[in-house]
Every structure is written in structure tokens, then in C-alpha cells.
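These notes concern the structure reproduced below.
The values are calculated or read from the model by the stated rules, or taken from the named source; none is laboratory data. Because the structure is predicted, anything quoted here is derived from the model rather than measured. So basically every Cβ, Gly included, is an ideal-geometry build from the backbone, and we count neighbours across all protein chains shown.
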Ligand code: ATP
């Protein structure tokens, strides 16, 4: 029996006015898979994630757990478990770390035991976050804020996690920590779609990488078969 992928994007197209920023993209992510979306500035990587969430007008189909997602219903998609950690993180700077995390689990209401369970899971993923619960989120370092952003996403108990350049502006060490955690999450079963400009980092974790250029997938790469940086560069400049 063939198990369908958790997320199955088919022929996804999106435009900003006259500009067609996404031109028929196919992508899948299954249980235990971390897939990377690579490509230069302006390739359409963020647009792809926004279109999957239904944040922008789109055509084509996004199948999730073998059902079609409504085309323009980002809140509905999030409630079903399709969760985006946006570029720039989107955490609330004036609020504390704990408040930011709790917001991610607003859907569970007053179930304190469940809130505790989810918080503890985040603390296991990011021990540093636990030490900073009372801190105002905006006063944390970029890397810590990214941990809070991923932690908040995990608080909603996602069924697939989409991340837009979590490494942006971060030092290599903390980037490594965050990417390792994403690798562990996918290994535990959660499908992860990682948009990343730093291809070598993403290729270390990904089971498959999609190369996006001018709104199209121009190559699907098996990271184990990429022998050199030059080989990858040739796709970027093709
Ligand atoms: P980056 O890494 O620089 O964010 P990206 O691959 O994520 O690049 P997108 O942000 O998805 O690329 O942009 C794809 C194309 O759509 C670009 O040509 C961009 O200029 C255009 N675009 C993005 N957002 C808008 C917008 N709100 N209005 C008009 N055009 C847009």
C-alpha cells in the first residue's frame, strides 16, 4: 500500500499583480522527511510558502493528509496543522517568551495539563528557551528569537512545519543548533519544509532539495549525490 505524502503541492501558481512569481510548483513532504527549497534571491521561495498557507491568491492544489486545502484560508490551514515560521520570525517583541509560546497553543483554551506538556516539549527542543521565559522576547538575541519562533510553532502541535530562512542574520553556531533541532523534529516523524539560501547547511539535513529559479523547480536534488559546491552552483546560474 502506498502512503500518500503528508503535504502534496501540485502545480502551485501565484502572482503579484502582473508578476507571476510561482509558475506551477510540485513538491511533497512525507512523514520523517525534511525537504529543502533552495534558490537565489527572488526565486519565489517565500512566495511558495505563502501560497501553500493560502496567504496570497494562488492556483493549483495543496493536498494535506490526502485532502485538498481551501485556496485562501490561512487560519484554517494552521488549525489543521500546516504551520509557517515566517521570515523575520513574527514573534511579539514586547511580550515575554512564555506569552509568545502560549500564544502558539491558544487553540487548546484552558487545558493547563496540555499546555504544560507542550511547553515541556519545547524546552526539550530548546533548553535555552526555558531559562528565558520571563524575558521580553524583543530583547533576546536573533538566534534565541528564532528558537522562540520555532517553539511557538511547535506549541500548536503542527502536522507539517514550514520555515522561511530560519538562519537569516544568525551566527553559524546558533544556526547549526536550530537546524539540528529541525533535523531531529523531522527524524521524529514531523514533515519539515525548509526554505534556505545557505544551500550547504540545508543539504546536510535534507532528504531531498528542490531548486527554485524564477518561480519554477529547475532541479530536484538528492543531497547524497551532490559531490561539490560547483555542481550546485551550476544549477543556480543555469
Ligand atoms: P528572498 O530570499 O530574497 O526573500 P525569495 O526566493 O523568497 O527571495 P520571493 O520573496 O518569493 O523570493 O519573491 C519572488 C518574486 O516575487 C520576486 O520577483 C519578488 O520581487 C516578487 N514579489 C514578492 N513579494 C511581492 C509583493 N508583495 N508584491 C510584488 N511582487 C512581489
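Structure data summary
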quantity: Unique residue being surrounded by 14 or more Cβ atoms within 10 Å (Cβ to Cβ), within 21 Å of residue 34 (Cβ to Cβ), within 16 Å of the ligand (Cβ to nearest atom) and under 17 Å from the mean Cα position of the chain (by Cα) when the list is 190, 163, 205; calculated: 163
quantity: Residue in the range 28-39 that is over 25 Å from residue 180 (Cα atoms) and within 15 Å of the ligand (Cβ to nearest atom) present; calculated: no
quantity: Positions within the range 127-141 being touching a strand residue (DSSP E or B) at 6+ places or on another chain (Cβ under 8 Å) and either within 16 Å of the ligand (Cβ to nearest atom) or assigned to a loop (DSSP other than H, G, I, E, B) (or both), in sequence order; calculated: 133, 134, 135
quantity: Residue ID - surrounded by the most Cβ atoms within 10 Å (Cβ to Cβ), chosen from residues in the range 65-84 that are away from the ligand (no atom under 16 Å from the Cβ) and assigned to a helix (DSSP H, G or I); calculated: 77
quantity: Complete set of residues in the range 164-210 that are at pLDDT below 95 and closer than 21 Å to residue 22 by Cβ; calculated: 168, 196, 197, 199, 202
quantity: For residue 90: the one exception among (1) closer than 21 Å to residue 148 by Cα; (2) buried (at least 17 other Cβ atoms within 10 Å of the Cβ); calculated: (2)
quantity: Pair list, Cβ < 6 Å and 6+ apart or interchain, from the range 31-42 residues that are in a loop (DSSP other than H, G, I, E, B) to residues that are modelled with pLDDT of 95 or more and within 8 Å of the ligand (Cβ to nearest atom); calculated: 39/45; 39/212
quantity: Top-ranked residue of the range 180-198 - restricted to ones that are in a helix (DSSP H, G or I) and touching a helix residue (DSSP H, G or I) at 6+ places or on another chain (Cβ under 6 Å), ranked as nearest to residue 222 (Cα to Cα); calculated: 183
quantity: Some residue of the range 106-117 being within 24 Å of residue 155 (Cα to Cα), at pLDDT 95 or above and within 16 Å of the ligand (Cβ to nearest atom); calculated: no
quantity: Among the residues listed as 226, 218, the single one being within 16 Å of the ligand (Cβ to nearest atom), more than 25 Å from residue 89 (Cα to Cα) and surrounded by fewer than 20 Cβ atoms within 10 Å (Cβ to Cβ); calculated: 218
quantity: Residue satisfying condition, being closer than 26 Å to residue 36 by Cα and within 16 Å of the ligand (Cβ to nearest atom), within set 87, 144; calculated: 87
quantity: Residue, farthest from the chain's Cα centre (by Cα), within the range 48-64, restricted to residues that are surrounded by fewer than 24 Cβ atoms within 10 Å (Cβ to Cβ) and within 11 Å of the ligand (Cβ to nearest atom); calculated: 56
